[in-house]
Amino acid sequence: MQLRVSIDQAGYDQSATIRNIHFTLQEGQLLAVIGPNGSGKTTLIRAISQVLPYDEGQYHINGTNLKEASENSRAQLMAVVPQSTYVPPSFLVREVVLMGRTPYMNWNGKSSRVDEKFVQEAMEQTDVKKFEDQLCGELSAGERQRVILARALAQNTPVLLMDEPTSHLDLRYQIEFLELTRTLGINNGKTVLVAMHDLNLAARFGDLFLAMKNGSTDAFGSAQDVLLPEKLSEIYDLAVRVIKLPDGGSTVVIPQ
Amino acid sequence: MHKLTRPTLLSFAALAIAVLLSVGVGSVAIPPKETLEVLWNTLQGTAPTSDINHTYQIILLTLRLPRTILMIMTGAALAGSGCAYQGLFQNPLADPYLIGAASGAGLGAIISLTLGWPASPFSYLAVPMTAFISALLTVFLVFQLAKVKKTLPVTNLILAGVAVSSFVTALTSFLLINASGELRRAVVWLLGGSTMAGWKPVLGQLPYVLVGLIGLSAYAYKLNVLQFGDEQALQLGINVNRARTRIVVFATLSTAAAVAFTGVIGFVGLIIPHILRRVTGGDMRRLLPFSMIGGAIFLVLADVVARVIVAPQELPVGIITSLCGAPFFLFILRRSKEKDW
């Protein structure tokens, strides 16, 4: 097992925001975390990435206990794409992507040839190479999001956590980026956890699904177990239909 | 990196010119050629070639050179720590005075001046020492107030800094009004004009400034990553609390040393990094060293102006830095069409 999460409760103070979330992901799997606003998707990602002040959970990546690992070794095990796309405006795109290599570089951020190789690769995969010499302050929100995605890919970790990574991207980049993460899962065994609102995208790319409601697991499993009209209707408080397209298996969720 | 060769050469040339100007200007003018000659002779240990050169040598070595070096170190310390604070707080308004270092130092100095400690046997170092200790205590207090469990939120730090600063400044004013001691010296000190003569202040300041600035330079890369905010920095593998605490300690050490030995000099730590960021970009590994050189040049030149503008009297250099600094800063900001002003 690659990523094991076992949360009794966690949050910003003693009154926990999320509780009773337990799951294990294997190498190469893509977990789509779905649920309405305020259901705890972002808190879950914060909990796993060890930035929550109050946390009674256990987290393991390839057997390493994340709570006992140093910041640096954690950053070699998992990369995080946060929901906020804040990037200091006076850095070059290339410099920001290179910061993904921080856990591998020395105290002064000196990059090796290996670091440069990962940076180039990540910039090509996310299509940011064409503006690598621009200042981040000059970018659009979608471009900034791709820069942060590139930084996370350059980090080259077995686990990738993403919080709404495609919220600012247009349809083409949404599809391209999720295709890319799926390819990385299949070819490199990267385990991906992605919180998303778009159920159709989730249905298209997820191997497993975690549906959250009020801070806890409502349903966990494959598409047949989770993407059911009655389940989704209950989670979102909205009647929905789940349609299988005749083209070979795409699932579409639409409000009734 | 080769893109930086020119700015590096230019800034060192500017510093050299500023130094020659600073040691040459005064009641006895010493032309650059003679300055270089005297310095060269002194370095080689040979005797001055003429009487006038001998006079020059005394003026240069006992008065103007130590003062210029004091200005270089103070400017570098203020601009370097200002640069670090701006990066750390992701706030272009941050400067060495934000978290109480300077107001704390001011209080310490005024306490020792109004109590008449300079008259005591260890007179001369009493003001810098109390200023220094009081600066460190004030920053420590700000830290304790801003702390939430084990974390140190930036907003808390700024708010606590502002509150404690104004409290400490009020205390200072109170002491001044009730003062019976050396009121004039105290006021001059608060205006940034407490320039002590000779090599003793230079030697006293040197270790603190060196430790502070070298420490900051060692954390330059971490400062880059910290600008993404605590959460992203943590996720990129930085021990945020440790890095931030050390950066603040080093920056406060530099600030306190600067303030303790030269008085309260404003604006250097604010404008120099701000202006240079437009040249070097945001990478602290470039911005920090350039800010230090830039701060040194600026303060040396400001000191020259302070000495000549109402000669033979001398203005506190803090008045000049604000008087020249503020309009120049506004000019730069108005000219650039950037959004971040």
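Its relative contact order, with pairs defined as Cα atoms under 8 Å and 6+ residues apart, puts chain B at 28 percent. Legend: P(r) of chain A from all alpha carbon pair distances, 5 Å bins from 0, whole percents, reading 1, 6, 13, 17, 19, 17, 13, 8, 4, 1, 0, 0. Gyration tensor analysis over the Cα atoms of segment A:1-109 returns equivalent ellipsoid semi-axes of 26, 18, 14 Å (largest first, whole Å).
Amide hydrogen proximity for A:Val33: with H placed 1.01 Å from N in the peptide plane, the residues at 5 or more positions away or on another chain lying under 5 Å are A:Val194, A:Ala195, A:Met196, A:Leu210. Ranked by how many other Cβ atoms sit within 10 Å of their own Cβ, fewest first, the residues A:Ser222, B:Ser173 fall in the order A:Ser222, B:Ser173. When chain A is treated as a Gaussian network with alpha carbon springs shorter than 10 Å, the biggest mean-square fluctuation among A:Leu161, A:Leu238, A:Leu66 belongs to A:Leu238.
For chain A, modelled as a Gaussian network with Cα springs under 10 Å, which listed residue fluctuates most, A:Val33, A:Val87, A:Val128? Among A:Val33, A:Val87, A:Val128, the largest GNM mean-square fluctuation belongs to A:Val87. Taking the fewest neighbouring Cβ atoms within 10 Å as the starting point, the ordered list for B:Leu276, B:Leu9, B:Leu176, A:Leu77 is B:Leu9, B:Leu176, A:Leu77, B:Leu276.
Dipole orientation for the protein assembly as shown: of the candidates A:His60, A:Leu228, A:Phe118, A:Phe118 has the Cα lying most toward the positive pole (charges on Cβ; Lys, Arg +1; Asp, Glu -1). Mean-square fluctuations from a GNM of chain B, with a 10 angstrom spring cutoff on Cα atoms, peak among B:Gly104, B:Gly237, B:Gly282 at B:Gly237. What is the Cα centroid distance between segment B:283-337 and segment A:16-78, reported in whole angstrom? What the calculation gives is 50 Å, centre to centre. With neighbours defined as other Cβ atoms within 10 Å of a residue's Cβ, the residues A:Asp127, A:Asp225 order from fewest to most as A:Asp225, A:Asp127. Working note: Cα atoms of segment A:208-256, range along each principal axis, descending, whole Å: 36, 24, 11. Descending by average beta-carbon neighbour count within 10 Å, the peptides B:252-264, A:100-112 line up as B:252-264, A:100-112, the highest first. Average projection, convex hull of the Cα set of segment A:80-199: 7.2 square nanometres.
Per residue of the protein assembly as shown, the DSSP helices (runs of n ≥ 4 H) give a summed -39500 (n - 2.57) that works out to -18000 deg cm²/dmol at 222 nm. For the peptide B:224-232, the mean number of other protein chain Cβ atoms found within 10 angstrom of a residue's Cβ is 6. Angle of helix A:141-154 to the longest C-alpha principal axis of chain A, folded into 0 to 90 degrees and rounded to 10: 80°. In summary, the helical segments of chain B meeting the span-like criteria, namely a full DSSP H run, a Cα extent along the axis of 30 angstrom or more and a mean Kyte-Doolittle hydropathy of at least -1.0, are B:65-88, B:123-146, B:154-177, B:240-262, B:284-308.
Every number in this text was worked out from the coordinates using simple rules, so none of it is lab data. No experiment lies behind these values; they were computed from the predicted model shown. Glycine also receives a Cβ, built like all others from the backbone with ideal geometry; neighbour counts cover every protein chain displayed.
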